[in-house]
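The structure appears right after this line, and notes come after that.
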Amino acid sequence: QAQDWDVVRDPAKQSMLVFTVFDVNLSIAVRCVGQSYQAVIAGLPPIEGATRPLGIALGDEAVDDQTWNVAEDSRIALSGLPARFARRLREGGPMKLRIPGGAENGRNLVYALDLPASGSAIDESLAACDRPLVDPRDATRAAVDGASLPSGFSWARQPNGEYPESRYGSGFAVLSCLNDPEGRLRDCVIETEHPQDGGFGAAALASLRRARVQAADLPDGPLPSRLIVFRMNFILEDGFSTVPTPLRGRVGSN
């Protein structure tokens, strides 16, 4: 195994790319550009649509079926929770990657990879984007079950953002927040955004000022604090939609 992952820095663009390449034409990378953080898997079979299912297992854990975002190049998938994913990559070791329908005749394509450990490069990329090296929210993020809100919660007032001044016709941002006893969102973090220079993260944050959550069994509150993780899609057409959408989902178990 290599002592660390490969690194490419571009100080002029405030950019740092940390990556590892496998001999099956796959690569995994994390990158910080400005204050925007991304984790990507490249070299996947092309796909149509804005999201794709991937099954991922690190170490001896069971495969976790997730929904990843699709980049403009559909062979590249972007994590909705890149900092958490990066922190989990640092130790290296076995990784199983399952691509539903990625093989001939619609069969699943499965890769068994051996991740190199990262002694410092991944940590440096996290620090460059002001992402914590240890985050207690990670355990709760792992429990996101396909809904944009915790069980029993619903939107009392959905976020409704304005399209940013951007040269892009579409984009998205993934945010995580805690709620206060009155249902307002606080301590919100832009987990990732794409394109990185499109302004969609800031637009999504601004939309949360009047957003509220509620719990059916606590109509008069106070609400317990829960972690809320969701993606906001921005699509510039005759109108545009910024309705929060689920971050993760389940695919087949085969």
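If you go through region 66-89 one residue at a time, do you hit one that is of a type in the set (A, V, I, L, M), assigned to a strand (DSSP E or B) and in contact with a helix residue (DSSP H, G or I) (Cβ under 9 Å, 6 or more places away or on another chain)? Checking region 66-89: not a single residue is of a type in the set (A, V, I, L, M), assigned to a strand (DSSP E or B) and in contact with a helix residue (DSSP H, G or I) (Cβ under 9 Å, 6 or more places away or on another chain).
Starting from residues that are of a type in the set (A, V, I, L, M) and more than 19 Å from the chain's Cα centre (by Cα), keep the ones in region 1-25 and report whichever is surrounded by the fewest Cβ atoms within 10 Å (Cβ to Cβ).
Narrowing region 1-25 to residues of a type in the set (A, V, I, L, M): 2, 7-8, 12, 16-18, 21, 24.
So of that shortlist, the ones also more than 19 Å from the chain's Cα centre (by Cα) come out as 2, 7-8, 12, 21, 24.
On the way: Ala2: 11, Val7: 15, Val8: 11, Ala12: 6, Val21: 14, Val24: 11.
The selected residue is Ala12.
Here are Ala121, Ala127, Ala57: which of them is modelled with pLDDT of 95 or more and surrounded by 17 or more Cβ atoms within 10 Å (Cβ to Cβ)?
Working: Ala127 fails: surrounded by 17 or more Cβ atoms within 10 Å (Cβ to Cβ); Ala57 fails: surrounded by 17 or more Cβ atoms within 10 Å (Cβ to Cβ).
Within the list Ala121, Ala127, Ala57, the selection yields Ala121.
Cβ-Cβ distances below 7 Å connect the following pairs, each with a first residue in region 93-108 that is in contact (Cβ under 8 Å) with a residue 40 or more places away in the chain, a second residue that is of a type in the set (Gly, Ala, Ser), and a separation of six or more residues or different chains: Lys96/Ala57; Lys96/Ala112; Arg98/Gly55; Pro100/Gly252; Asn108/Gly101; Asn108/Gly102. Would you mind telling me which numbered condition in (1) within 20 Å of Leu78 (Cβ to Cβ); (2) buried (at least 18 other Cβ atoms within 10 Å of the Cβ); (3) of a type in the set (A, V, I, L, M) Val213 fails? Result: Val213 fails condition (1) only.
Of everything in region 136-176, what is among the hydrophobic types (A, V, I, L, M, F, W, C), at pLDDT 85 or above and buried (at least 17 other Cβ atoms within 10 Å of the Cβ)? Give them in sequence order.
Of all residues in region 136-176, those among the hydrophobic types (A, V, I, L, M, F, W, C) come to 139, 142-144, 147, 149, 153, 155-156, 172-175.
Next, from what is left, pick out any that are at pLDDT 85 or above: 153, 155-156, 172-175.
Within region 136-176, Phe153, Trp155, Phe172, Ala173, Val174, Leu175 meet the criteria.
When Ala204, Ala103 are screened for being of a type in the set (A, V, I, L, M), within 24 Å of Asp73 (Cβ to Cβ) and under 19 Å from the mean Cα position of the chain (by Cα), only Ala204 passes.
For region 186-198, the set of residues classified as of a type outside the set (A, V, I, L, M), open to solvent by 30 Å² or more (accessible area, probe 1.4 Å) and free of Cβ contacts under 8 Å to residues at least 40 places away in the same chain consists of Arg186, Asp187, Cys188, listed by residue number.
The values are calculated or read from the model by the stated rules, or taken from the named source; none is laboratory data. This is a predicted model, so every value here is computed, not measured. Note that each Cβ is placed from the backbone with ideal geometry, even for glycine, and that neighbours are counted across all protein chains shown. These accessible areas exclude ligands, DNA and RNA; they are computed on the full protein's heavy atoms, side chains included. Shrake-Rupley method; radii C 1.70, N 1.55, O 1.52, S 1.80 Å.
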